[in-house]
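K.L.:
Sharing a structure with you now.
The values are calculated or read from the model by the stated rules, or taken from the named source; none is laboratory data. This is a predicted model, so every value here is computed, not measured. Quick reminder, even Gly has a Cβ in these numbers, built from the backbone with ideal geometry, and neighbours come from all protein chains shown.
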2 protein chains.
Amino acid sequence: MPSDPVLTVFRASPDGGRGLARDMPVRWALEEVGRSYDEERVSLAELKASAHRARHPFGQIPTFRRGDLMLFESGAIVLSIARRDPGLLPTDETAAERVVSWMFAALTTIEPPIVEREQAGYLERDRPWFAARQALLDERIRLRLGELAAALGQRAWLEGEFSAADLIMITVLRRLEGTDLASEYRTLADYVARGTARPAYLRAFRAQKAAFDESHEEVPHAH
Amino acid sequence: MPSDPVLTVFRASPDGGRGLARDMPVRWALEEVGRSYDEERVSLAELKASAHRARHPFGQIPTFRRGDLMLFESGAIVLSIARRDPGLLPTDETAAERVVSWMFAALTTIEPPIVEREQAGYLERDRPWFAARQALLDERIRLRLGELAAALGQRAWLEGEFSAADLIMITVLRRLEGTDLASEYRTLADYVARGTARPAYLRAFRAQKAAFDESHEEVPHAH
């Protein structure tokens, strides 16, 4: 059994290699702490098959195997990486617990209306209520973004040095890329820019993009 | 400074004392590990004031203070309690990390469509699209409940003995109480019944109910 961790990722990510799939925060975390990893690319059909279900009860990516440990949920995986190697959690335990609060806040308070807005874009675009609901969702998202911007204030990062809290929060905020909401809060746009300029982020981004590009090279050209 | 942890809770919970507010999992966790706590009851107006914002960036309950540590987000607080005292995490570190995966799954994979359904009930009940959207949300919830029921199978708890994973997952599933979805999956209805029969759950439930009842006794009767 390889000692390197093994990450499952999309064979061909539905986001087209934009780094919005949930392997991205795990890749980023591994790059920040300087751990190499192997990746196993899984097709959409394989995701829902029983072999993958045994690893991930909800048929999603990523999963993360390290020795006899098999984890799922990107938040839990990033926290596991952060607890094992230095670089993503403050050494002071009180500060480290604050980082965990922010990780949960990113995924359970900030992200849900953002994902809901995305899902509506896929599932409800042709429904007569689409525009009216997007406006409602935008207001819910703005409320949270305003609160987050106020909490961040003039600081570079949420809790002291760059941490797993920023890694997860910036991953969540990136889901707004290409919408007006992404640029409405200058504090947050600058924060995302600081995070995505990090060398570890850039290495992770290139790795997920390479996976996507290679999946397309596999497809025989029709002409 | 008191050494007991201090939990902020609603002065008068909008759920009418049904134990669906987010102080409930924290109370339950503290009861499971046998820690006493003080509670500070906060009105809806106080929640949005700057004194509380300094504790909780999103103006919500609960917050949790222990010495100079101030945490927010119920998932993070329950995890902190579980890491400090025995009773909610397996002693084996691999198994403990699996529990954390399930905690994130409960709050970021299972809960969002359930909360979305609730929010629609408040915010969109009078909109022409309400019924059609509820049907869409019900299908998204059913998908996740079916996967969860399959993953749980014949086991009593998600990961060995009762753990923080079950505490959070059962708290999430309880949000479906009173809907048809709550009884559709027998495996999950039995699972919730096992969790909510625990003495620690019952003590936590009574404590939050007492807070609600006392808030009503404070209101002068109109006649």
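K.L.:
Just a yes or no: is a residue in region B:168-187 among the acidic types (Asp, Glu), in a helix (DSSP H, G or I) and under 30 Å from A:Ala49 (Cα atoms)?
P.N.:
Step one: filter region B:168-187 for residues among the acidic types (Asp, Glu), giving B:177, B:180, B:184.
Those left that are additionally in a helix (DSSP H, G or I): B:184.
From what's left, under 30 Å from A:Ala49 (Cα atoms): B:184.
Yes - at least one qualifying residue is present in region B:168-187.
K.L.:
Follow-up question, since we're still on this one. Are any residues in region B:50-68 at the interface with another protein chain (Cβ under 10 Å from one of its Cβ atoms) and surrounded by 19 or more Cβ atoms within 10 Å (Cβ to Cβ), and if so, which ones?
P.N.:
Correct list: B:His56, B:Pro57, B:Gln60, B:Thr63, B:Phe64, B:Arg66.
K.L.:
Continuing with the same structure: Looking at B:Leu107, B:Leu88 in this structure, which one is touching a residue at least 60 places away in the same chain (Cβ under 8 Å), of a type outside the set (D, E, K, R), at the interface with chain A (Cβ under 9 Å from one of its Cβ atoms) and within 19 Å of A:Leu71 (Cα to Cα)? Full working, then the answer.
P.N.:
Working: B:Leu88 fails: at the interface with chain A (Cβ under 9 Å from one of its Cβ atoms).
The match here is B:Leu107.
K.L.:
If you don't mind, another one. Are any residues in region A:119-157 hydrophobic (A, V, I, L, M, F, W, C) and within 17 Å of A:Leu173 (Cα to Cα), and if so, which ones?
P.N.:
Within region A:119-157, the subset hydrophobic (A, V, I, L, M, F, W, C) is A:120, A:123, A:129-132, A:135-137, A:141, A:143, A:145, A:148-152, A:156-157.
Passing the criteria: A:Leu137, A:Ile141, A:Leu143, A:Leu145, A:Leu148, A:Ala149, A:Ala150, A:Ala151, A:Leu152, A:Ala156, A:Trp157.
K.L.:
While we're looking at this one, here's another question. Of the residues A:Leu137, A:Leu145, A:Leu158, which is within 14 Å of another protein chain (Cβ to nearest Cβ), in a loop (DSSP other than H, G, I, E, B) and either surrounded by 16 or more Cβ atoms within 10 Å (Cβ to Cβ) or of a type in the set (A, V, I, L, M) (or both)?
P.N.:
Working: A:Leu137 fails: in a loop (DSSP other than H, G, I, E, B); A:Leu145 fails: in a loop (DSSP other than H, G, I, E, B).
So the residue among A:Leu137, A:Leu145, A:Leu158 that is within 14 Å of another protein chain (Cβ to nearest Cβ), in a loop (DSSP other than H, G, I, E, B) and either surrounded by 16 or more Cβ atoms within 10 Å (Cβ to Cβ) or of a type in the set (A, V, I, L, M) (or both) is A:Leu158.
K.L.:
May I pose another question? For residues that are surrounded by fewer than 19 Cβ atoms within 10 Å (Cβ to Cβ) and in contact (Cβ under 8 Å) with a residue 12 or more places away in the chain, tally how many sit in region B:69-78.
P.N.:
Going residue by residue through region B:69-78, those that are surrounded by fewer than 19 Cβ atoms within 10 Å (Cβ to Cβ) are B:69-70.
Still in the running and in contact (Cβ under 8 Å) with a residue 12 or more places away in the chain: B:70.
The total comes to 1.
K.L.:
Please determine whether any residue of region B:110-128 is facing chain A (nearest Cβ under 9 Å), assigned to a helix (DSSP H, G or I) and β-branched (Val, Ile, Thr).
P.N.:
yes
K.L.:
Continuing with this model, one more query. Of all strands (runs of 3 or more DSSP E) completely enclosed by region A:1-89, which ones contain at least 2 residues that are closer than 20 Å to A:Arg175 by Cβ? Can you show your working first?
P.N.:
Numbers: elements: A:6-10, A:38-42, A:63-66, A:69-72.
Here the list reads A:6-10.
K.L.:
Picking from B:Leu47, B:Leu88, which residue would you name as being on the phi < 0 side of the Ramachandran plot and touching a strand residue (DSSP E or B) at 6+ places or on another chain (Cβ under 9 Å)? Don't jump to the end; show me each part of the working.
P.N.:
Numbers: B:Leu88 fails: touching a strand residue (DSSP E or B) at 6+ places or on another chain (Cβ under 9 Å).
It is B:Leu47.
Quick grid of which residues meet (1) modelled with pLDDT under 95; (2) under 19 Å from the mean Cα position of the chain (by Cα):
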| site | (1), (2) |
| --- | --- |
| A:Ala120 | yes, no |
| A:Ala135 | yes, no |
| A:Arg144 | no, yes |
| A:Ala150 | no, no |
| A:Ile170 | no, yes |
| A:Asp180 | yes, no |
| A:Val192 | no, yes |
| A:Ala204 | no, yes |
| A:His223 | yes, no |
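K.L.:
Moving on. From the residues in region B:184-216 that are touching a helix residue (DSSP H, G or I) at 6+ places or on another chain (Cβ under 6 Å) and β-branched (Val, Ile, Thr), which one is surrounded by the fewest Cβ atoms within 10 Å (Cβ to Cβ)?
P.N.:
B:Thr187
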